[in-house]
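For reference, the structure is listed below as structure tokens.
None of the figures in this text is laboratory data; all of them are computed from the coordinates on show. These figures come from a predicted structure and were not determined experimentally. Every residue, glycine among them, receives a Cβ derived from its backbone with ideal geometry; neighbour counts consider all protein chains shown.
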Amino acid sequence: MATPVKRIGILTSGGDCAGLNAVIRAVVLRAETLGWDVVGIMDGTHGLLENPPHVIPLRHNNVDTVVMRQGGTILGTTNKGDPFAYPMPDGSVKDRSNEIISAFKKLGCEALIGIGGDGSLAILSRLAQQGGFPLIGIPKTIDNDLGITEMSVGFSTAVDVATEALDRLQPTAASHDRIMILEVMGRDAGHIALTAGIAGGADVILIPEIPYNIKNIAAHIKALREGGRNFALVVVSEAVLSPKGGSISRNFFGGQKRLGGIGHILGEEIAEACQAETRVTVLGHVQRGGQPSAHDRLLASAFGVYAVTLIQQGKFGRMVAWKDRQVIDVPIEEAIKQNRIVEKDCTLVNTARGLGICLGDDGTLRV
Ligand code: F6P
């Protein structure tokens, strides 16, 4: 008797990042080796709220190697519209979770692969439990703040982009005797700032996990100048607290609040404290776009293949994760309950201190 054809659904959810298409490709290629169909659900769970549901068949010819190299996601994504409190046109919110569950079940999929960060995986996990359907999670976020996994898809590319920004800021800083401030993303975790700051030769790295004192930064830059340096590079993570306390954010259309703005505040503070010319670059969504790095493509490929293997093995409610140079799987619930911020005595913090980089506290004062 022929093995019944399996069909699996896949969606991308939350903020996009580089490497999502490489995950989709890996899932499709692996599923095809098993003779399974893959259905792509558009715009996260929003595609399931449309009538008819907005889905597309995925085959190797529409997720080929060209797509794998592209940034963004061919499935679209969203980081708003929680199905359990969905914003309605009249301003009210409605629980639309059952509509999503029922639309997904009608697709005839035996399992769903959700590619998301902590927020999206939490929502998908809740939907899967309520609807009783099998779910596999694949971690993606430039913030790299998901629990257990050492790496999430998108982080490596974001770090490469921020490092390249420092490479480009250094010569212009040196030409004009300036202090350059680079504000990077990362939400409440300083992983992008710390990693790119070390790789890009920053003199000062400020992360939300380590409060800064402007006096320490000024003393460090003064010491650099006394040593003959005519410029400095400062990286600041978007959620670093302002001198008045609290992180800086801005309001956007639809009442959305997003972090950003600490770079300019810091630029003024440093100019005043160092009596020097400062310029500020806010890197923003450049960190999310563009071609994925080789590392992100590898991670995406390993995660995608392993996710399908988990379905083949009938292991569900799991998130694939990267640990000790290999892919493992862990309960989704475990991964999302841990917000992986920078630990104060981790290897990279100690590396930065060992390089004489100022982290804003008095642990790096040059004497
Ligand atoms: O979580 C990813 C992230 O890029 C954060 O680093 C950033 O704070 C946020 O998303 C930006 O969100 P949006 O794309 O809605 O502006």
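Among the trypsin sites (Lys or Arg not before Pro) found in the range 273-362, those both in a DSSP coil and sparsely packed, with 15 or fewer other Cβ atoms within 10 Å of their Cβ, are K315, R325, K344.
Sequence-distant contacts, meaning Cα pairs under 8 Å at least 6 residues apart, place the relative contact order of the range 40-87 at 44 percent. In units of the compact-protein estimate 2.2 N^0.38 Å, the chain shows a Cα radius of gyration of 1.08. Taking amide H positions as modeled 1.01 Å from N, with prolines and chain starts lacking one, the residues under 5 Å from S249 and 5 or more places away or on another chain are G260.
Over the chain, Cα pairs under 8 Å with separation of 6+ residues give a relative contact order of 22 percent.
The charge dipole of the range 134-213, taken about its Cα centre with unit charges on the Cβ atoms of Lys, Arg (+1), Asp and Glu (-1) only, comes to about 120 debye.
Which net charge results for the neighbourhood of Q312, defined as the other residues with beta-carbon distances under 10 angstrom from its beta-carbon, given Lys and Arg at +1 and Asp and Glu at -1?
+3
Which of rounded, prolate or oblate describes the range 176-284 when judged by the alpha-carbon gyration tensor and an a/c cut-off of 1.5? Verdict is prolate for the range 176-284.
Using a cut-off of 28 Å between Cα atoms, the listed pairs K215/K344; K94/K323; K94/K337; K140/K315 include K94/K323 as exceeding that distance. Positive-end ranking of L49, I192, V280 along the dipole of the chain, with charges on Cβ about the Cα centre, is headed by L49.
The shape of the range 1-139 comes out oblate: with a ≥ b ≥ c from the C-alpha gyration tensor, a/c is at least 1.5 while a/b does not beat b/c. Taken over the range 253-367, the percentage of Cα pairs per 10 Å bin, counting from 0 up to the bin with the maximum distance, is 10, 20, 32, 24, 11, 3, 0.
Farthest towards the positive end of the charge dipole of the chain, among the residues V23, P134, C109, is the Cα of C109, using unit charges on the Cβ of Lys, Arg, Asp and Glu. Residues H176, H191, H285, arranged from fewest to most other Cβ atoms within 10 angstrom of their Cβ, appear as H285, H176, H191. 3J(HN,Hα) along the range 328-333: 10, 10, 9, x, 3, 4 Hz, from the Karplus curve 6.51 cos²θ - 1.76 cosθ + 1.60 with θ = phi - 60°, whole Hz, x for Gly and Pro.
Taking loop as defined by DSSP and a crowding limit of 15 other beta carbons within 10 Å, which chymotrypsin sites (Phe, Trp or Tyr not before Pro) in the range 6-108 fit?
none
Once you sort the root eigenvalues of the Cα gyration tensor of the range 39-108 as a ≥ b ≥ c, which label holds: rounded (a/c under 1.5), prolate (a/b larger than b/c) or oblate (the other case)? It comes out oblate by the Cα gyration axes. Taken one residue at a time, the phi angles of the range 104-114 give Karplus couplings (6.51, -1.76, 1.60, θ = phi - 60°) of 5, 5, 5, 6, x, 7, 8, 7, 10, 9, x Hz. Gly and Pro are set to x.
Among the DSSP beta bridges whose two residues both lie in the range 26-176, what percent are antiparallel, rounded to the nearest 5? Of those bridges, close to 50 percent are antiparallel.
Computed from backbone phi, the HN-Hα couplings of the range 83-88 come to x, 7, 8, 7, x, 9 Hz, rounded to whole numbers (Karplus: 6.51 cos²θ - 1.76 cosθ + 1.60, θ = phi - 60°; Gly and Pro given as x).
As a length-normalised measure over Cα pairs under 8 Å and 6 or more apart, the relative contact order of the range 218-367 settles at 15 percent.
Taking other residues whose beta carbon is less than 11 angstrom from the beta carbon of L146, and scoring Lys, Arg as +1 and Asp, Glu as -1, yields -2. A Stokes-Einstein calculation at 20 °C with viscosity 1.002 mPa s, built on the Kirkwood radius of the range 111-269 over Cα pairs, returns a diffusion coefficient of 123 µm²/s.
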